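Trainee: Attaching a single structure in structure tokens format; questions to follow.
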Amino acid sequence: MTLTLTNLFGLLGGLLVLAYVANRFSRRTRVPDVIVLLGSGIILGPVLHWIDAARFPEIIRGVGTLALILILFAAGLELDLRRSWRQFFSGMVLGILSYALTMGGVTWFCLRALHMQKLPAMLVAAPLACMSGSIVLPILDQLDLRFDLKTTLVIEASFGDGLGALVVGVLLSMADGTHMQSAGAIVRGMFAMFFFRFLLAVVIAIVAAFLWVRLLPHISDKQFWQALTFAAVLMVYSATHALGGSDLVAVMVFGATLTSLLDPQNPLQQGFELLPAGRSNQIHSFHSELAFLVRSFFFVLLGAMIRFSGLKEELLSSVGILVVFLVARMIAVTASRVAWRGTSSRERELATLLIPRGLITAVLALAVVQAMPTELAFLPSLTFALILFTNVLVLIASIRAVPLAVPRSEEVSTANSLPPS
């Protein structure tokens, strides 16, 4: 098919319909819509050759980054820390421990099995260790789990994307001139830069949220005010990046701070004009719609740029890394029981299997490949295989989680009975 402008518009419209159907299909069958979108990209690219995604990798990376910004901002808007403070610590412990063990395990695998150098091995491990909140959060929304368990996993998923982006950003900033450094020097430098970028991002996001929440009551009754909020999100991202902070962490903290400040029960709101509840919900709805649009195109384009020859070459490596994922996750879930007590063996099994890779992994992998195109040319095919494998685990986890379901009324009453922090 000749991809004329008319055909392109028709193709875009068809992809949106496909994304909607895949999303509905996912809610009914628990099959992640990512698998359907990636499969569609494979058909349009390597099979039919209607799309040659390899010609515009920068556009794919830009679309993925924009989708990630929107998803993290929406995740921040859903994160009400005042009502989930007791689960905040357990979620963070699980997330940090799981990411650290997985990154360490994948780094060891790359050093021993793939015979890579220290820094390239860590650059491969950093994006692959990151779970995808854009997949976990919708799955958790469909599962009727008890409040404490669901909130812990939601907090882990919400901060997981930002954590992975932060570590990859630190490693990329150290990529020049560090090949001859010792592993200890790399790790020490990474931790120092990690805390600096994280704290700077949090400060910028909180200040920006305080300023924006004071402006919102004066513009929320005007046309296109939600587009201005989207502009504010992009400016927070760009300003944080320019100042050396973690841009994606800033976007998520910006959304979480807005949610907290717009809560009528927040004592900081006394004496200030509040945004009406209906308009406050419109912010989340608007950005979720945008995220759905951009995310759908990204996964189709990602599937279109895959080559079957690369998948065959990386099959054994992807299986080995998948085993590392499961072992590291099992250790993290078991060790973090100190922070989130009272879990059953079935709940720990769910937490162990719920480790999908998706949008954040693909975006960060493309950024890493751009930094070392020769050494890491194999990473896109490896990433694609792991996205497929881990999303199959999500399907298994969703089926196994059916006995954990609790009535919606019981879940709501449990959440409402928790005292605000």
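Trainee: Give the shape of the stretch 207-269 as rounded, prolate or oblate, defined through the alpha-carbon gyration tensor: a ≥ b ≥ c are the square roots of its eigenvalues, a/c under 1.5 means rounded, and otherwise the shape is prolate if a/b is larger than b/c and oblate if not.
Mentor: oblate
Trainee: Right, here's the next one. Per 0.36 nm of contour for each residue apart, how much would the distance between Phe9 and Ala231 grow if the chain were fully extended, relative to their Cα-Cα spacing?
Mentor: 77.3 nm
Trainee: Taking the mean number of other Cβ atoms within 10 Å as a proxy for protection, how do you rank 291-298, 322-329 from highest to lowest?
Mentor: 291-298, 322-329
Trainee: Less than 18 Å from a label point 7 Å out along the Cα-to-Cβ axis of Arg24: which backbone N atoms in the stretch 289-324 qualify, by residue?
Mentor: Under 18 Å, as judged by backbone N against the label point of Arg24, lie 289, 292-293, 296 of the stretch 289-324.
Trainee: For the stretch 115-129, take each phi angle, set θ = phi - 60°, evaluate the Karplus expression 6.51 cos²θ - 1.76 cosθ + 1.60, and give the result in whole Hz per residue in order, putting x for glycine and proline.
Mentor: Per-residue couplings from phi come out as 6, 8, 6, 4, 5, x, 5, 5, 5, 6, 5, 4, x, 5, 6 Hz.
Trainee: For the pair Phe195 and His49, what calculated FRET efficiency results from E = 1/(1 + (r/R0)^6), where r is the Cβ-Cβ distance and R0 = 60 Å, to the nearest 0.05?
Mentor: Computed FRET efficiency for His49 and Phe195 comes out at 0.80.
Trainee: Using 7 Å Cα-to-Cβ label points, what is the Phe389/Phe88 separation (nm, one decimal)?
Mentor: 3.6 nm
Laboratory data are not the source of any read-out in this text; all were calculated from the coordinates shown. The model shown is predicted, which means the values in this text are computed figures rather than measured ones. Glycine gets a Cβ as well: all are built from the backbone with ideal geometry, and neighbour counts include every protein chain shown.
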